[in-house]
Every structure is written in C-alpha cells, then in structure tokens.
1. Leaving ligands, DNA and RNA out of it, rank 448, 287, 249 by accessible area with a 1.4 Å probe, largest first.
2. Could you work out how far apart the two model spin labels at residue 305 and residue 125 are, taking each label as a point 7 Å from the Cα in the direction of the beta carbon, and quote it in nm?
3. Given a 1.4 angstrom probe, I'd like the percentage of the accessible area of the stretch 370-409 that is carbon and sulfur, rounded to a whole number.
4. Rg to Rh for the stretch 107-177: what is it, with Cα atoms only and Rh by Kirkwood?
5. Expected output is a single nm value to one decimal: the length gained when fully extending between residue 104 and residue 118, i.e. 0.36 nm times separation in residues minus the C-alpha distance. What is it?
6. Could you compute the FRET efficiency for residue 150 and residue 188, with r as their C-beta to C-beta distance and R0 at 25 Å, rounded to 0.05?
7. Between residue 94 and residue 173, what is the label-point separation in nm under the 7 Å Cα-to-beta-carbon projection?
8. At 1.4 Å probe radius, can you tell me the per residue accessible area of the stretch 71-160 in Å²?
Amino acid sequence: MDESSDSMFGLSEDADFPLVRMADVLFAERMKNTIREWRDSLLSKGSSSSEIKQISTDPSQRFQMVFFKTRPGLALSDFTSRQLRVIKAVTKKHFKDLAYIRVAGEATSPQQLIVYTDSNDDRDLLMKEVKDGLRKEAEMKVESAVGFRHVIDLLLSERKLIVGHNCFLDVAHMYSKFIGPLPSTTEDYVSSLQKLFPSIVDTKILLNANGVFRQTLNKSNTSLSRAFVSICPHIALGIKTSSLADRPCVEVEVQVDEKRSSNWNSGAKHEAGYDAFMTGCIFAQACNHLGIDFTLHVLGGDLAKDTKLQNYINRLYLSWGSGNVIDLSSGKCTPDSSASSNLKSRYQDISFPSIILLWGLPSKLKAREIRACIAQAFGPNSVSSVYHLDESAVFIQFSKPELVSKFLEMKETLSRNSDPISVLHPLSNILNGEYTHAATYDVYQQICSSSISKKLFADQAEAIGIKYKTVSSRGDRGKKGNQVCDKETEVRMFDAKADDLMSSYGFSETDRSAESFYLDEVLARK
C-alpha cells in the first residue's frame, strides 16, 4: 500500500522520463528556465515576497505562488499529464533543493506542487509529512465508506443481546455480508456464530412459548406486523388494552425527525428501521410479561444473563413454516411443540419421487391453472402442490409417485401427436408444443449441479445440454426395457459425437445449439 500510494502521489523515485519528442525537449527547457527563475528569486536576499510572487506567476495562471507546510512552493495547474511528467523529471534532475509532490486538493483531483526545501533533512521531513497526510485522508475515506460495518463492529465488541423476529436468515445474511462466507456445515456455522454473537433471542420463540400470547394471536399468526398490533396496541394504534392478563404495558419512547414523524405508524412495516422498532416493542412487552424488570439492567446490567430469559436465548426457528428450532449453543435441531398446531397441515412433506419439473410453459400461466388442467386428466386429488421456479418453470408434486410416470408418458404422447383428440386434451392447455420440457427430480439435480448459472431455468437446462423433451426417472427407464435405454444411449452418444465433430471444425457452442434441432429430427426419423 505504501509503494502504490507513493507512486500515485509522486513520492517514489521514478526513472527519468525520456525526452524523445522535440516538443518535450523544448517544453523541458522552458520549464527549467521558469523554475530556475523562481528558485533564484526565492534565494535572492534582496527580493521581497511580493516580487517573488510577481516573478513566479505567469499571465495564464499556470504557476501560482503558495506555501505548503510553511515552505514556499509553486502550484501547477492546467498542464497535461505528459507535461507534468516532464516537469517532474526536470525538477528531479536539475534542482536538488526542490521536491515535486502531489497532494490531495480541495477538489477530487490531486494538486501538483514544487516545494523548496533548505536541506536533505528538510526534504525527508516534507516527504514524511506528505505521506502521513495521504494516509490520514485515505483512512478518513475508508471510515466514511464503511457505513453499516460500524454497527456490526459495535455488536461484536459489546457482545450485547441481539433481538430479532424469526431472524435465522437475517443472522445468516449478516454473517455472510460482514463476517465471511457461510461455513459449509451446521456445526461450524453454529460454533463460529456463538463466538461472534453469544446471545440471540427470537421474539417468535417468546410469543409461541407463552399461552397468553398464543391466545391473543389466534394461535397461528405470529407475523411481525400482526404481532405488533396485537401485543402492542397502545403503541401501534394508540389505544389502551387489558387483554394481556391485566399486566401494565411497557412504555416505549422513540425520537424521530420531522420528516418521519408523519409516517410513524404501522403502515411503515417492511421498512428496516420500523421493523426493528416493532421487534423491540414486542420484545419489551414479552419480557415484561415474563416479569423482567428493565430498571435492573439500565446501569450496565446484562439482560442476556437474566434467569427468566435463559430458556429462550439462542433458539431460532429454521423456517417460519416448519416449526423446527435450532439451538445455537449445541447445534441440535428439534421440533418445537409450542409452535402453531396447523403447520403440518399447511405445509406437506416433500416427496421427491412424486415431483416432476416442467419448463418452457406458456408465459403467465398461474399455479391454480396448472393444477386445474392436471386435475381434469388425473383426478381432483392428483396434485399436492405446484410451485413456480420462474415465469415458465414449475415443480409439480403429485399425490402418488406412480402418477409421475403416467404424466410423463401422456405428455410425450401429446407432444408427438397433433390430432383433434390431442388438441382437445386438458393437458394441452399447459403444454407449449415443442418448447415444453418435463423431467423428474433427479434431472433437476443434474441441471443445478452444473457451474453454469442462468437467470431462467430453461436457459440453464439448455446451457448444460438438456435437449430431450421428456425425461423419465431412472427406475422407469429400466422398466421399459433395454430397447428404450439403448435408444437413449444411442441418442446421447450420437449427440456427443456430433458436438465433438462440430468442435473440430470450429463451430461454437451457439452454432451447435442451433444445429441441435436438425440432429433431433434425424434421430427421430431413425
């Protein structure tokens, strides 16, 4: 860093700038005379400061008499970068008592100066002063650019209790953005997190663990905004309530500027500052309901060590829908018996053998429309869930694994035929002709394991060479006999040989993808 800064601000001893152009030679001679005239007038005992300034200042204002660190100098302006290099070379070669430096000016661009020094020691002192000033300015720029990093450093140094609402992902994001890459295992992550932030409490844990709160929140909805309105109505709505077991509410004061005071209400949810405010209010009411006296912790007390709060610290929900809780102290994950009772009914278990991946769908096709089309073909209870990956790709989970192979077979049949019966089939409403592809979950894993990353899943699949329209599971392909397997193997071998052959003739990946349509047609006829 020292070497780069020296070079950038003219403090390093560069090699002599070669004067290979006639214009450079003439300019160097003119600058030498001008600088000598200024230096000689400076050293002349009979010259006053006004005379020196008059001599050193030309009509074009390219030279201006200044003082830098109490030393007389010339400020250079309106020179090209090449001319400044020539001036620097002239100063270094012909004037041992002058130093050429570049320092930060009032504007964003640095200022070039020629400064007089009366000895070698004075010259060394000048260079040290310039370097110290540059370092101080660089540190100030870094300090001002750090931003939110100051908050993280404060949390790390103070080791205070951190409060969040359903904050597992918030903590993970904070770690990855300000600490380092997330560890590859849960054990390493939990261990590292405990060293950095030893005390974290999730207000969602507090709400679900308290029977009165659960009853107030209708046993299910503990979202931040609704919990704030239910638990802190005196703050959110400005009304008094006695719903929480007649326990007095904690008064929360907050200072905001005039601009924000008009918006300081529950309508500002999902803004980071107001979400933090709501979380703090909920935490205050929850602690008050637990019997925690905040006045005992005002004068340096550590709230995280309060015995009434110990059972709730370092326990975070892994997902707001799963009900599983991870203990940051041990790394163990357990189901939370106090969580909402309807979570399992709302969020079914994932069965990978029952999932197909469908991409290349008509645009703006909604999940309920896809479910309705499949229900017409396979029955009203055939689909468990439909989840959009992006605008033209979805996961479809069937209620039974055997429906996967039936869907893939029917989809392949409809793709090959264009008779009136196929056109009128319910599935034709969600299929997009030759552009629609279907595959089992193992193909999805194959596509995602590639290092290639595209915005749309269809582009991702095409980029790694998934060109076939319908792909059954490995087990289903084995059941269909060796003929199908052999033909698929033959297709892939032919495709690979074609890619190698086209590569040898200089075709790009784009060229090969453009030719794939014709190769598919040849293989289909074969």
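The values are calculated or read from the model by the stated rules, or taken from the named source; none is laboratory data. Computed from a predicted model, the values in this text were never measured in an experiment. Neighbour counts run over all protein chains shown; Cβ positions are idealised from the backbone, glycine included. Side chains are part of the model used for accessible areas, which takes the heavy atoms of the whole protein and leaves out ligands, DNA and RNA. Shrake-Rupley method; radii C 1.70, N 1.55, O 1.52, S 1.80 Å.
1. I get 448, 249, 287, largest accessible area first.
2. Each label point lies 7 Å from its Cα, and together they span 5.3 nm.
3. Details: 920 of 1880 Å².
Within the stretch 370-409, the accessible surface is 49 percent carbon and sulfur.
4. Ratio of gyration radius to Kirkwood radius: 1.31.
5. 2.7 nm
6. The formula returns an efficiency of 0.40 here.
7. A separation of 6.3 nm, rounded to one decimal place.
8. Averaged over the residues of the stretch 71-160, the accessible area is 59 Å².
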